[in-house]
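Undergrad: Below you will find the structure I want to go over with you.
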Amino acid sequence: MHNGITAICNSLKLENNILYTKGLNVVNGCQSLSTIYSTSEAVRNNTNGYILFRFYEIADDNKCDSISTSTNSQSAVKTRDLRSNDKSVLAIKKSFEQFYSDGYFITKRGEQPNTAKYNTAHICNLTDLGKQLVSWHSQRPTIAYSENKIFDKYFTQLFKKDYDPENVQALNDLYNAVLKRWLPESNNPLNFNESLLAMKAYAPYHQLYAISVYFCEVNRMPESVPNPAKALTLLKENNLLEKIIDMSGNSLNMAFESASAEAADSGKIFSPQNWIKAKASLKNIRDSVRNQMGTLKFIEGGNEISKKINEGLKMETIDFERRW
């Protein structure tokens, strides 16, 4: 797992399995050499240890400087990038692209699929999917901000090789519908608190979570999670997608402002960034959803809306599963 040691020299020659060099200079790996030297006795007694050593015979000073600079300026490889070739990820990609012949599942960061070849509505992204999975199936949008946790600590818990491609697409559609309310060009149609709006990099995942909560409340399945594909189908068939998107956004905003007001009343400092990452925000959102559902009857036409929601979001018990 070691990156190895890099050295340059004026000349080198291999004779009888021994490498002879002249003008040797280590340009990357001095700390490793110091460690080997300080533990030399242990190293001598260990016959199973090996280390990569690169030797360059170069007379060009400029190229020597370039090698020295490059080998000491390597970018860190993120966990998310290492997972792009994981068997589970590749299985999800394969099943998704087989199911949606005009679709493409992006696994590598910076990858740009040909939009002339693929349907942009059926282009999904590994990073986005991880955040959607943890927000919907694990009911933990509080972790959506951390790619390291998603692709390291919780990776095997989230990415299942037999995950239904229709669910991949449904989560993508739901999240994109949510995101439209957060874009600057939308002019904040849901009147999100400015502090909440400033966290649009991860706060929308709390709204995605809120959508799942509506299904849980209507079906009285508070400890379970609805199937995203079936949830999206019901929302579209009953012409409730826009309504639930708006209500979930309002629930998030009310939960945020309620927590802020509660902190102020208690003489405490309210931190929006801490709230969005705390489990308390999930309880606040769930309470807000319940309150919004309960107050529908007090607004004009509320009884009709309430009836439509309760009938339109009704699902079978088998359409729910345990939280991951």
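Undergrad: Could you give me the ³J(HN,Hα) list for region 228-238, computed from phi with Karplus coefficients 6.51, -1.76, 1.60 and θ = phi - 60°, whole Hz, x at Gly and Pro?
TA: Ordered by residue, 3J(HN,Hα) equals x, 5, 6, 5, 5, 4, 5, 4, 6, 4, 9 Hz.
Undergrad: List the extent of the Cα atoms of region 257-304 along each of their three principal axes, largest first, rounded to whole Å.
TA: Rounded to whole Å, the extents work out to 40, 21, 12 Å.
Undergrad: In addition: Based on DSSP, what percent of beta bridges with both residues in region 1-91 are antiparallel, to the nearest 5?
TA: Taking every DSSP beta bridge within region 1-91, about 60 percent pair in antiparallel fashion.
Undergrad: In degrees, nearest 10, range 0 to 90: what is the angle between the Cα axis of helix 126-136 and the longest Cα principal axis of the chain?
TA: Helix 126-136 sits at roughly 40 degrees to that axis.
Undergrad: Shifting gears a bit: Note down the accessible area of Ile36, probe 1.4 Å, to the nearest 10 Å².
TA: Accessible surface of Ile36 is approximately 70 Å².
Undergrad: Could you tell me what % of all Cα pairs in region 229-324 have separations over 20 Å?
TA: The calculated P(r) of region 229-324 puts 50 percent of pairs beyond 20 Å.
Undergrad: Placing unit charges on C-beta atoms (Lys and Arg positive, Asp and Glu negative, everything else neutral), compute the dipole magnitude of region 9-80 about its Cα centre in debye, rounded to 20.
TA: So the magnitude is around 300 debye.
Undergrad: Read phi for every residue in region 24-40 and hand back ³J(HN,Hα) as whole Hz from Karplus 6.51 cos²θ - 1.76 cosθ + 1.60, θ = phi - 60°, with x for Gly and Pro.
TA: Computed from phi, the couplings for region 24-40 are 6, 9, 7, 9, 8, x, 4, 5, 5, 4, 4, 5, 4, 5, 5, 10, 4 Hz.
Undergrad: List the pairs from Lys87/Lys149; Lys131/Lys277; Lys93/Lys243 whose alpha-carbon separation is above 25 Å, in the order I gave them.
TA: Among Lys87/Lys149; Lys131/Lys277; Lys93/Lys243, the Cα-Cα distance tops 25 Å for Lys93/Lys243.
Undergrad: What accessible area, in Å² to the nearest ten, does a 1.4 Å probe give for Cys9?
TA: We get 0 Å² for Cys9.
Undergrad: Could you give me the ³J(HN,Hα) list for region 53-58, computed from phi with Karplus coefficients 6.51, -1.76, 1.60 and θ = phi - 60°, whole Hz, x at Gly and Pro?
TA: So the J values, rounded to whole Hz, are 10, 9, 10, 10, 8, 9.
Undergrad: Using a 1.4 angstrom probe with every protein chain in place, what is the largest-first accessible-area order of Lys117, Lys78?
TA: Lys117, Lys78
Undergrad: Any aspartates and glutamates with Cα under 18 Å of the Lys283 Cα? List them, leaving off those in the same chain fewer than 8 positions away.
TA: List returned: Glu217, Glu223, Glu257, Glu262.
Undergrad: Charges only on Cβ, +1 for Lys and Arg, -1 for Asp and Glu: so what's the dipole of region 89-206 about the Cα centre, in debye to the nearest 20?
TA: Here region 89-206 has a charge dipole of around 280 debye.
Undergrad: Using a 1.4 angstrom probe and counting only protein chains, how large is the accessible area of Trp324 in Å², to 10?
TA: About 50 Å², rounded to the nearest 10.
Undergrad: Which of rounded, prolate or oblate describes region 206-258 when judged by the alpha-carbon gyration tensor and an a/c cut-off of 1.5?
TA: Oblate, because a/c is 1.5 or more while a/b does not exceed b/c.
Undergrad: Same structure, new question: Where both residues lie in the chain, what percent of DSSP beta bridges are antiparallel, nearest 5?
TA: Antiparallel bridges: around 60 percent, rounded to the nearest 5.
Undergrad: Quick check: at a probe of 1.4 Å, how many percent of the accessible area of the chain sits on carbon and sulfur atoms?
TA: Exposed carbon and sulfur together represent 48 percent of the surface.
Undergrad: Taking Cα pairs under 8 Å and at least six residues apart, what relative contact order does region 8-66 come out at, in percent?
TA: After rounding, I find 42 percent.
Undergrad: If you don't mind, another one. Could you let me know the centre-to-centre spacing of region 163-185 and region 247-324, using Cα atoms, in angstrom?
TA: Value for the Cα centre distance between the two parts: 19 Å.
Undergrad: Alpha carbon centre of region 69-125 versus region 10-43: separation in Å?
TA: Cα centres, region 69-125 to region 10-43: 40 Å.
Undergrad: Mind checking the angle between helix 204-218 and the chain's longest principal axis? C-alpha axes, 0 to 90 degrees, to the nearest 10.
TA: Once rounded, one gets 40 degrees.
Undergrad: Nearest 20 debye, what's the magnitude of the dipole of the chain about its Cα centre given +1 on Lys and Arg Cβ and -1 on Asp and Glu Cβ?
TA: Around 560 debye, computed over the chain.
Undergrad: In terms of solvent-accessible area of protein heavy atoms at a 1.4 angstrom probe, what is the ranking of Ile58, Ile276, highest value first?
TA: From most exposed to least exposed: Ile58, Ile276.
Undergrad: Does region 97-250 come out rounded, prolate or oblate, given a ≥ b ≥ c as the square roots of the eigenvalues of its C-alpha gyration tensor, rounded meaning a/c under 1.5 and, failing that, prolate meaning a/b above b/c?
TA: Rounded, because the longest to shortest axis ratio a/c is under 1.5.
Undergrad: For Glu217, Glu300, what's the largest-to-smallest order of accessible area, 1.4 Å probe?
TA: Sorted by accessible area, descending: Glu300, Glu217.
Undergrad: What is the angle, in °, between the Cα long axis of helix 302-312 and the longest principal axis of the Cα atoms in the chain? Nearest 10 is fine, range 0 to 90.
TA: 50
The values are calculated or read from the model by the stated rules, or taken from the named source; none is laboratory data. All of these numbers come straight from a predicted model, not from anything done at the bench. Cβ atoms come from the backbone with ideal geometry, glycine included; neighbour counts cover every protein chain shown. Quick note on the areas: whole protein, heavy atoms, side chains included, nothing else; ligands and nucleic acids left out. Shrake-Rupley method; radii C 1.70, N 1.55, O 1.52, S 1.80 Å.
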